[in-house]
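The values are calculated or read from the model by the stated rules, or taken from the named source; none is laboratory data. In this text the structure is predicted, and so the values were computed from the model without any measurement. Note that we place each Cβ from the backbone using ideal geometry, even for glycine, and neighbour counts take in every protein chain shown.
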Amino acid sequence: MRSAATLPGTLLAAWLLVGCEAPDTVLAKHGCASCHTPATEGLGPSLRRISTHYASKEELVLFLEGKSAPRVSPEAFEAMKPLVEQTRSLTPEERMRIAEAILRHRAE
């Protein structure tokens, strides 16, 4: 997955023109990238690992809304709980963009 800094200029310009954010920008903006990296386990599970536990954006959004149990590292959820509370205050569109950005890391 490319960061916004490595995207071709025309693609980044097109995203910005239609009001979209580059996937990694969305994750950084909302603090996800502080603990979750694309492919490496760190403070939190990798985005790739998270993406394998959710079949759809809608399933992941339910988690971000606090309406479903964690599927990845449930034993470590206590540390994530305050952050899920923060995602509940986001707009539905912002939660959907976060879910889309995470699921883009699914291995093909």
remark   = Flagged pairs (Cβ under 9 angstrom, 6 or more apart or on separate chains; first in segment 88-101, assigned to a helix (DSSP H, G or I); second among the hydroxyl-bearing types (S, T, Y)) are E94/T87; R95/T87; I98/T87; A99/Y54; A99/S56; A101/T25
message = Please go through segment 35-50 and give me each residue that is in a helix (DSSP H, G or I), surrounded by fewer than 20 Cβ atoms within 10 Å (Cβ to Cβ) and either at pLDDT below 90 or touching a His at 6+ places or on another chain (Cβ under 8 Å) (or both), ordered by number.
response = R48
key: Selection count where residues are surrounded by 15 or more Cβ atoms within 10 Å (Cβ to Cβ) and polar (S, T, N, Q), scope segment 82-101   = 1
ask   = Is there any pair with a first residue in segment 27-54 that is farther than 16 Å from R106 by Cβ and a second that is acidic (D, E) and outside any loop (DSSP other than H, G, I, E, B) whose Cβ atoms are under 9 Å apart and which are 6 or more apart or on different chains, and what are they?
value = K29/E94; H30/E94; A33/D24
